[in-house]
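Inspection log for the structure reproduced underneath, given as structure tokens.
The values are calculated or read from the model by the stated rules, or taken from the named source; none is laboratory data. Please read these numbers as outputs of a predicted model, since none were measured by experiment. Ideal geometry is used to build each Cβ from the backbone, glycine not excepted, and the neighbour counts take in all protein chains shown. Surface areas here come from the heavy atoms of the whole protein model, side chains and all, with no ligands, DNA or RNA. Shrake-Rupley method; radii C 1.70, N 1.55, O 1.52, S 1.80 Å.
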Amino acid sequence: MKKFFTFLFSLTFLIGMQLSAQEAPSAETEGGEASFNPGSTIIGHVTDAHSWHMFDYFDKAGNEHAVAIPLPVILINDGHLDVFMSSKFHHGHADYKGYRLVGGGIEKEEIICVDESGQPRLDQAGNVVKPLDFSITKVSAAIMIIVILLIVIVMVAKNGYKKRENQAPKGIQSLVEMLVVFVRDSIVRPMIGEAHYQKYLPYMLTLFFFIFFSNCMGLIPFFPAGANVTGNLAVTATLAVITFLITNLSGNKHYWIDIFNTPGVPAWLKIFPLMPVVELVGVFTKPIVLMIRLFANMTAGHIVILGFVVIIFIISNTLSMGVGAGVSVISVVFSVFISVLECLVAYIQAFVFTMLSALYIGMAVHEPTHAEA
């Protein structure tokens, strides 16, 4: 337990170091000096970006330089494909091939088209022209890293079974087997049923492991982790849509009868038709609930942790470094407490998303008994 808390303290310290080293978006004060902008700093850490920012440093002349891992930028504009690295933008300080990187912080980071004079290009309606952006962003790169990591872990466990046939599992093989058996016996089999669970088990295992590892990687504040994958609405929406499609494409006749001809409901409610509309709306609200729950819980946890760390810099800037140092003790304690909760939430959210997905699929493929029919 002592090692665990030491690890959490170290993570919180690294978050603080990263915040202090990163170029924080600033606002001008009355004296013309830049002030720390906590809102932009927090949002900038939980949103997506076209490069993987590491830290900033100052040279001997006092100039600030950002250190980041550039990512591929893939744009289509007027039928023309442009592919280059995000380092060409120099973190938003330079244009390249008629494109400019804007936003960041509270505003969404995006790429717009500019003319030769550096002015944003406008269409006939007066809107800024934006290319089709298929770039590999920070979240996209993190997903690839997580997928590769999961493949390696599964292959290592597979090779362990081949080498240690008919022997007790050992090492990472034990962890994988424990989680697989848990998902199978505690989630998929009870929710979907003995007759159908094996058909959907591979998807449920993929869903659980991907969400769980994404949540855990998001808690580590340095490369190759630190990306808020499950705090990205596009990611959670994609997972929810996959569950939605599997559920409704697997639905048997009893599933659809229960929606459009709900048993046990007065006939006038079916004719109106109030209940079919309510049931049909429920078909679409289920994946929306999956999407919002995972996104909101993971994003909220990151924001709370960053909020406690940012308090140190706010107090230091407004009062003094001494007071900020005193407040840092309280901030770190609360940050560690929230980090412990986040470790628990990382597992719970993977469990809940997988359980509800299995429940929805189980309701769609369930065959009523003779008495129920």
* To do: Say whether the condition of being at pLDDT 90 or above, open to solvent by 80 Å² or more (accessible area, probe 1.4 Å) and either in contact with a Pro (Cβ under 6 Å, 6 or more places away or on another chain) or under 17 Å from Asn228 (Cβ atoms) (or both) is met by at least one residue in the range 133-144.
  => yes
* Can you pull out the residues in the range 289-310 that are touching a Phe, Trp or Tyr at 6+ places or on another chain (Cβ under 9 Å) and over 25 Å from Ile211 (Cα atoms)? -> Phe308, Val310
* Asked: Tell me, which helices (runs of 4 or more DSSP H) wholly within the range 200-298 include 3 or more residues that are in contact (Cβ under 8 Å) with a residue 60 or more places away in the chain and buried (at least 20 other Cβ atoms within 10 Å of the Cβ)?
  -> 233-250
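Within the group Val183, Val152, which residue is without any contact (Cβ under 8 Å) to a residue 24 or more places away in the chain and β-branched (Val, Ile, Thr)? Steps first, please.
Working: Val183 fails: without any contact (Cβ under 8 Å) to a residue 24 or more places away in the chain.
Being without any contact (Cβ under 8 Å) to a residue 24 or more places away in the chain and β-branched (Val, Ile, Thr) holds for just one of Val183, Val152, which is Val152.
Taking the options Gly282, Gly307, Gly231, Gly251, name whichever one is in contact with a His (Cβ under 7 Å, 6 or more places away or on another chain) and not aliphatic (A, V, I, L, M). Break it down stepwise before answering.
Details: Gly282 fails: in contact with a His (Cβ under 7 Å, 6 or more places away or on another chain); Gly307 fails: in contact with a His (Cβ under 7 Å, 6 or more places away or on another chain); Gly251 fails: in contact with a His (Cβ under 7 Å, 6 or more places away or on another chain).
It is Gly231.
Among Val340, Val345, Val304, which is assigned to a helix (DSSP H, G or I), open to solvent by less than 40 Å² (accessible area, probe 1.4 Å), at pLDDT 75 or above and not aromatic (Phe, Trp, Tyr)? Don't jump to the end; show me each part of the working.
Numbers: Val340 fails: open to solvent by less than 40 Å² (accessible area, probe 1.4 Å); Val304 fails: open to solvent by less than 40 Å² (accessible area, probe 1.4 Å).
Unique residue meeting the criteria: Val345.
Does Val176 satisfy being assigned to a helix (DSSP H, G or I), at pLDDT below 90 and under 27 Å from Asn228 (Cβ atoms)? If you could, list the steps in order and put the result at the bottom.
On the way: assigned to a helix (DSSP H, G or I): yes; at pLDDT below 90: yes; under 27 Å from Asn228 (Cβ atoms): yes.
Spelling it out, Val176 is indeed assigned to a helix (DSSP H, G or I), at pLDDT below 90 and under 27 Å from Asn228 (Cβ atoms).
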* To do: Give me the pairs, please: first residue somewhere in the range 111-129 and in contact (Cβ under 8 Å) with a residue 60 or more places away in the chain, second residue anywhere and assigned to a loop (DSSP other than H, G, I, E, B) and open to solvent by 90 Å² or more (accessible area, probe 1.4 Å), beta-carbon distance under 8 Å, and either six or more positions apart or on two chains.
  => Ile111/Lys130
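How many residues are among the hydrophobic types (A, V, I, L, M, F, W, C), in a strand (DSSP E or B) and under 18 Å from Asp82 (Cα atoms) when one looks only at the range 94-133? Lay out the reasoning, then the answer.
Quick first cut of the range 94-133, residues among the hydrophobic types (A, V, I, L, M, F, W, C) only: 94, 101-102, 106, 111-114, 122, 125, 128-129, 132.
Subsequent filtering for residues that are in a strand (DSSP E or B) retains 101-102, 111-114, 122, 128, 132.
In the following step, the residues that additionally are under 18 Å from Asp82 (Cα atoms) were identified as 101-102, 111-114, 132.
So the count comes out to 7.
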* **Among (1) in a helix (DSSP H, G or I); (2) open to solvent by 90 Å² or more (accessible area, probe 1.4 Å) - the single one Lys170 does not satisfy** => (1)
* Asked: Is there a residue in the range 146-166 that is under 30 Å from Ser335 (Cα atoms), out of contact with any Lys or Arg (no Cβ under 7 Å at 6 or more places or on another chain), surrounded by 14 or more Cβ atoms within 10 Å (Cβ to Cβ) and among the small types (Gly, Ala, Ser)?
  -> no
* **All positions within the range 315-366 that are touching a residue at least 12 places away in the same chain (Cβ under 8 Å), over 25 Å from Asn228 (Cα atoms) and hydroxyl-bearing (Ser, Thr, Tyr)** => Tyr360
